[in-house]
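Take a look at the structure set out below.
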Amino acid sequence: MKKQIWYRGLAIFSAALTLIFVFVMSQREVKAAPASGASITGTIKLEGTAPHQRPIDMSKEPACAAVHKASPVTTENVVAGSGGGLKNVVVYISEGLSGSAENEVASSKPVWDQKGCQYIPHVMGLNPNQHFEVTNSDPTSHNIHPMPKPGGPNHEWNKSQPSGAPPIDNTWQAPEVAIHVKCNIHPWMSGYMVVVKGPYGVSDDSGSFKIENVPPGSYMLTAWQETLGTQTQKITVAAGKPATADFTFKAK
Amino acid sequence: MGKLLAVTLVVIAIASAVPIVAHIWVPPADISTHGYQIDEQLSDTMVEAGICFLAAQIVLGVFIWMFSGRKPGARVRTFPGGAKGLVGAAFVLVGLEVLILGAFGKKAWATIYFTAPAADALPVQVQAGQFAFYFRYPGPDGKFGPLHPETINEANQNIFGLDVDADKDSKDDIVTAEMGVPINKEIHLLMHAKDVGHSFYVRELRIQQDFVPGLDLSLHFTATKVGRYEIVCTQLCGLGHYNMKAYLNVMSQPDYDAWIKQQATMQ
Amino acid sequence: MHDVSTNAAHHHVAPQGFLRKNVFSVDHKVIGKQYYGLGLLAVLIGMGLSWLMRIHLVWPNFGIPGLQWLSSSGAPAGVITPEYYLQLMTMHGTLMVFFVLTNVPFAGFGNYFLPIQIGAEDMAFPRFNMMSFWVTFVGFCVLVAAFFVGDGPPLSGWTAYAPLSAIPGTGPGQATGQTLWAVSIAIFCVGQLLGSLNFITTTLDLRTKGMTLMRMPLCTWAWFITSCIGLLAFAVLLPACILLILDRVAGTSFFVPSNLVVSDQPVNHSGGSPLLWQHLFWFFGHPEVYIAILPAAGIVSHILVNSYRRPLLSHKVIIYCMVAIGFLSYMVWGHHMFLSGMNPFSALVFSFPTLIITIPATILVLIWIGSLYGSNLQINSASLFALGFISMFVSGGVSGFFLAQPSIDVYLHGTYFVVGHFHMVMGVAAIFGMFAGTYFWAPKMFGRMMNETLGKIHFWGTFVGTYCIFMPFHYLGLVGNVRRYSSFVDDFMAPLIPVHKFITIAALCTGAVQLIFLYNLIYSRFKGAPAPENPWQGTSLEWATSSPPPWDNFGGKTPVVYHDPYQYGIEGASGDFVMQNSPEQIPTAREDKKLI
């Protein structure tokens, strides 16, 4: 009789242990694959003169107007550096990624900051289900209003973030190129979240971008700019060898 | 306890009147040509209403003092004149007040709403939208180009939905985030709303008018003092209502000319 | 004269069982208490919301502990966001105006005491009556549900102006929350219409022998007039809410014009008029505020005359004034719309009756104060609140005089002056009427006396406290402090924060004092001294039956009425008062032939 109780207890204990083990393992996040892939780098250039960027008058928000008194800001539809480099272009792999590489979610948690009544960065790349954080570094309240396509898988939301409030953590469910983000309180604030599968890169002030962790293979690369549209290019990536791709956008 | 209530009533009544009489919290100085009529009306009403307020509270207090805590079996008396006298007094008092205030009050209202703007008034268009006011000046051609609301793109600073390429009248229109006006010049303000109801309120100018989506409304006024004044939204329009404001800059004519020229370069 | 024995309001068998007696009861007394309880719940929530608002205004970065569990997006870490402030404000206004101010003085006390005061066994339609309460209760649940859906409650204010309320994309809470709001109010309208029908029919048809219309107590008259106003007013709000719901879900455009762009997205509506909503809403909204104040005025008149121990100078004049106010209330709605873009000539047209309505209101005040002269004023909790009502009614009425003039409204519209005005008349005066009614009638309703000392402490705290809260609102308005702002970020209003701090502290203290009332009410309900039949030596019929009354109000003995309602202090009478159903012969306080 005693033995039966003992065996029963052992069985329950083992079952519980197994359940706990399975539960713990399931909570562990899938880490990105170790950097076995190569990188794609390149430069985005603008051909022609950038369209006129209008100055932004922030006088309705004196705290932000004061920040930019010395160096006024303009709209950021087309941001070209002195050397013709085009900023804020998102480059990603639109075709050719295998299933597992396509569904990998980057582990970094980029920050979408509101500073001086502007979105920093102006354009952010993301994977579906990749967490990002919205922070407010201004003394004024902001209201983050991303506007994905109506009726699509990504849902519109609209939240205020008072000064000093904790960061807002969120994700996007599905790829979308691109989600426009507004601040309702400050109508000039504008930015884009570009949600794509697989690795991506965003060009900087000089127009340079870098996409990391690309497994070897042949792909279609797409470069997206918020007003100048998209451009595509075929590329082949060999194991361990960095590949390059340049894009040139024509100013409209 | 009746006596205590009587005293409290009188104290509260007088304490309430003190800030008014002492002018502790008053409207900001009037900078408009028509505002003095509103201020006079306000002042007259304050005196009449104040007298009624104090009289009612104090008489209430006095009567409570006199007639509470009486000995049991005390004789019950009736107010002299009874109800008839009081009804008559109410009709006369209020009737007179209504007539006086109504008759004189019409003038202030008429000045704002029943007079047309002067022929040489400076037209300024204001668009109210969640949550900012933007202004448009017609530019040297004196004409406003047509609006295309479906092309509004705030990220590109096309606030009004103008098509400068297609519409020649829009080419020289000047869109600003602040409203600059020259001093002592009549302004004809053309108002429309982009999305929901808003309101245009400048305390110092003594003007206020709702924006009603679908309606083109207008106001006219003349500012008489140089300075920087707040234009605030007073019609609940959403979460940013508290932060919906712009600044009215009243400038000398030369300063205004320089300002509008500088704004034209920022288009 | 209607013979009560031929009427349909007979139920020959007393209700049995807990549910039939206390929950789904057709007894007007139970229904009255249910309305009162619902109103009490609503006022506690509404008051809590006002605390949250006041705290946020003066301590905007203070995280209110626990609030993040009610709404993690509205109050992250307990700090109220701009939209959440407006959402709380909307719910505060909606709960207070509809579920407190319309419920308690009218549906609560009216349901309980109207049939008794006219000598009837019950309302004309007892089952309709039960239905009207449960419909109202469902409306309440739908409204409160808005707190718990998606983005939360709507932020468009209790006035819900279109297009803000008609287009879901205009802000957080404007989607599901706003629809729930509109549905809840529509349901509420149905409940009120049922109630009004009941009151009117009962008053006209079920008065007992000898109870002429002019012999009805003043609170009965107030309930009767209010139900007439309510029938027309709610009959307009109900279709307005339905049209709003259609605009939101069915693609109609009653209130939304064309060419609108919300958040850079064109709105797919055309042909509607935002002003139409304003007309429909205020056509209801102005009579609604008289629905809120008239029953309180009637109750206060009823209590004052009892505490004066002498008749009012003219009972008839008070009735005429209440009728005049009810009638005029339908002519003034445009004074909410002076600056709305309507033809400016209409402002003068609406201003005139708005100023004229001052006349009957002034007469009421003069009669209350004039009747006090030479009286034998008895001070108790009920009479203290009734006298406080006079003071508050004067204060609130006087500020209305400013707003009634369009030229002054140009400056004062949309400022705290307006907020001070309507809080004085509705948020304080009407509430004082409810408190007075509670202290006066709790012995009758619950068969137990409330504690007088606690009642007096409650009065003093509330009287001084509410003056401290709402008088400064007028000063703020005069300076130009704009209303419905979730915070005061600009240079102009920031210097006024110390005044706001004073108001907030007064509000919190006054709120705390209400706990004394709550304690008194609940404790007395169970442990108070047993109440006699007529603790206040009153003359009206509710004092001619036990405390509480039996299920059919008079134990089968239908009263017969011989006198006017307020025979107090009559010379030559046997005592200091003569009850309405007393067969004693006395000279009446007024001669039948005179007008007043």
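Of all residues in the stretch A:151-161, one or more are more than 19 Å from C:Gly169 (Cβ to Cβ) and either of a type outside the set (D, E, K, R) or in contact (Cβ under 8 Å) with a residue 60 or more places away in the chain (or both). The condition of being more than 25 Å from the chain's Cα centre (by Cα), assigned to a helix (DSSP H, G or I), more than 12 Å from every other protein chain (Cβ to nearest Cβ) and not β-branched (Val, Ile, Thr) holds for only one of C:Leu294, C:Leu275, C:Leu243, C:Leu280, that being C:Leu243. Take the conditions (1) at pLDDT 95 or above; (2) not in a helix (DSSP H, G or I); C:Gly152 misses just one of them, which is (1). Considering the stretch A:102-164, there are no qualifying strands (runs of 3 or more DSSP E) wholly inside with 2 or more residues that are of a type in the set (Lys, Arg), within 11 Å of chain C (Cβ to nearest Cβ) and surrounded by 22 or more Cβ atoms within 10 Å (Cβ to Cβ). Here B:Ile187 does not fit the description of being closer than 24 Å to B:Ile260 by Cβ, of a type in the set (A, V, I, L, M) and within 14 Å of another protein chain (Cβ to nearest Cβ). Remark: pairs (first residue in the stretch C:483-507, within 11 Å of chain B (Cβ to nearest Cβ); second residue among the small types (Gly, Ala, Ser) and exposed (fewer than 14 other Cβ atoms within 10 Å of the Cβ); Cβ separation under 7 Å; 6+ apart in sequence or on different chains) = C:Phe488/C:Ala494. In summary, B:Val164 fulfils each of the numbered conditions (1) away from chain A (no Cβ under 14 Å); (2) in a loop (DSSP other than H, G, I, E, B); (3) of a type outside the set (Lys, Arg) with the single exception of condition (1). On the given criteria, is C:Leu218 among the aliphatic types (A, V, I, L, M), within 30 Å of C:Tyr566 (Cα to Cα) and either touching a Gly at 6+ places or on another chain (Cβ under 9 Å) or surrounded by 23 or more Cβ atoms within 10 Å (Cβ to Cβ) (or both)? Yes. A single entry from C:Thr220, C:Thr212, C:Thr203 fulfils the requirement of being outside the structural domain of C:Ile293 (by TED's automatic domain parsing), hydroxyl-bearing (Ser, Thr, Tyr), farther than 30 Å from A:Asn184 by Cβ and at pLDDT below 95: C:Thr212.
Taking the listed residues C:Phe188, C:Phe113, the one that is surrounded by 24 or more Cβ atoms within 10 Å (Cβ to Cβ), part of a helix (DSSP H, G or I) and in contact with a Ser or Thr (Cβ under 7 Å, 6 or more places away or on another chain) is C:Phe188, with no other qualifying. In the stretch B:214-234, the qualifying residues are those that are in contact with a His (Cβ under 8 Å, 6 or more places away or on another chain), assigned to a loop (DSSP other than H, G, I, E, B) and more than 7 Å from chain C (Cβ to nearest Cβ), and the one that is surrounded by the fewest Cβ atoms within 10 Å (Cβ to Cβ) is B:Asp216. When C:Ile55 is tested against (1) closer than 28 Å to C:Phe435 by Cα; (2) under 24 Å from the mean Cα position of the chain (by Cα), exactly one condition is not met: (2). Is the stretch B:106-114 home to any residue that is at the interface with chain C (Cβ under 9 Å from one of its Cβ atoms), of a type outside the set (A, V, I, L, M, F, W, C) and within 30 Å of B:Ala55 (Cα to Cα)? Within the stretch B:106-114 (the criterion being at the interface with chain C (Cβ under 9 Å from one of its Cβ atoms), of a type outside the set (A, V, I, L, M, F, W, C) and within 30 Å of B:Ala55 (Cα to Cα)), the answer is yes, since at least one residue qualifies. Answer yes or no as to whether C:Leu366 is surrounded by fewer than 24 Cβ atoms within 10 Å (Cβ to Cβ), farther than 28 Å from B:Gly61 by Cα and within 8 Å of another protein chain (Cβ to nearest Cβ). No, not satisfied. With respect to B:Asp210, determine if the residue is under 30 Å from C:Val256 (Cβ atoms), at the interface with another protein chain (Cβ under 10 Å from one of its Cβ atoms) and touching a Ser or Thr at 6+ places or on another chain (Cβ under 7 Å). Criteria met by B:Asp210. Hey, among C:Phe401, C:Phe393, C:Phe432, which residue is under 18 Å from C:Trp333 (Cα atoms) and touching a residue at least 12 places away in the same chain (Cβ under 8 Å)? That would be C:Phe401, the only listed residue that is under 18 Å from C:Trp333 (Cα atoms) and touching a residue at least 12 places away in the same chain (Cβ under 8 Å).
Looking only at residues of the stretch C:343-356 that are β-branched (Val, Ile, Thr) and surrounded by fewer than 23 Cβ atoms within 10 Å (Cβ to Cβ), we find that the one that is farthest from C:Ser329 (Cα to Cα) is C:Val349. Checking each residue in the stretch B:144-160 for being closer than 18 Å to B:Met191 by Cβ and either at pLDDT below 90 or surrounded by fewer than 20 Cβ atoms within 10 Å (Cβ to Cβ) (or both) picks out B:Pro146, B:Pro149. State whether the residues of the stretch B:40-55 include one that is closer than 23 Å to C:Leu313 by Cβ, among the hydrophobic types (A, V, I, L, M, F, W, C) and within 7 Å of another protein chain (Cβ to nearest Cβ). Yes, the conditions are met somewhere in the stretch B:40-55.
Taking residues in the stretch B:159-171 that are of a type in the set (Gly, Ala, Ser), and partners anywhere that are part of a loop (DSSP other than H, G, I, E, B), the pairs with Cβ atoms closer than 7 Å and at least 6 places apart or on different chains are B:Gly161/B:Leu147; B:Gly161/B:His148; B:Gly161/B:Ile152; B:Ser170/B:Gly145; B:Ser170/B:Leu162; B:Ser170/B:Asp163; B:Ser170/B:Val164. One residue is enough: does the stretch B:26-35 have a residue meeting the conditions of a type in the set (Val, Ile, Thr), over 30 Å from C:Asn481 (Cα atoms) and at pLDDT 95 or above? No, the stretch B:26-35 contains no residue that is of a type in the set (Val, Ile, Thr), over 30 Å from C:Asn481 (Cα atoms) and at pLDDT 95 or above.
Residues that are under 19 Å from C:Leu312 (Cβ atoms), more than 7 Å from chain B (Cβ to nearest Cβ) and not in a loop (DSSP other than H, G, I, E, B) do occur in the stretch C:372-384, at least one of them. Among the conditions (1) surrounded by 15 or more Cβ atoms within 10 Å (Cβ to Cβ); (2) more than 8 Å from chain C (Cβ to nearest Cβ); (3) not aromatic (Phe, Trp, Tyr), B:Gly129 misses just one, which is (2). If you filter the stretch C:454-472 down to residues that are out of contact with any Ser or Thr (no Cβ under 8 Å at 6 or more places or on another chain) and away from every other protein chain (no Cβ under 11 Å), you find that the one that is nearest to B:Tyr201 (Cα to Cα) is C:Ile457. Within the stretch B:141-153, the set of residues being in contact with a strand residue (DSSP E or B) (Cβ under 7 Å, 6 or more places away or on another chain) and either away from chain A (no Cβ under 14 Å) or without any contact (Cβ under 8 Å) to a residue 24 or more places away in the chain (or both) comprises B:Phe144, B:Pro149, B:Glu150, B:Thr151. Comparison of C:Phe417, C:Phe338, C:Phe393 shows that the only residue that is crowded, with 24+ Cβ neighbours inside 10 Å and not in a helix (DSSP H, G or I) is C:Phe338. For B:Val10, the test of being buried (at least 17 other Cβ atoms within 10 Å of the Cβ), more than 10 Å from every other protein chain (Cβ to nearest Cβ) and assigned to a helix (DSSP H, G or I) is passed.
The values are calculated or read from the model by the stated rules, or taken from the named source; none is laboratory data. No experiment lies behind these values; they were computed from the predicted model shown. Because the Cβ atoms are built from the backbone with ideal geometry, glycine has one as well, and the counts that use them run over all protein chains shown.
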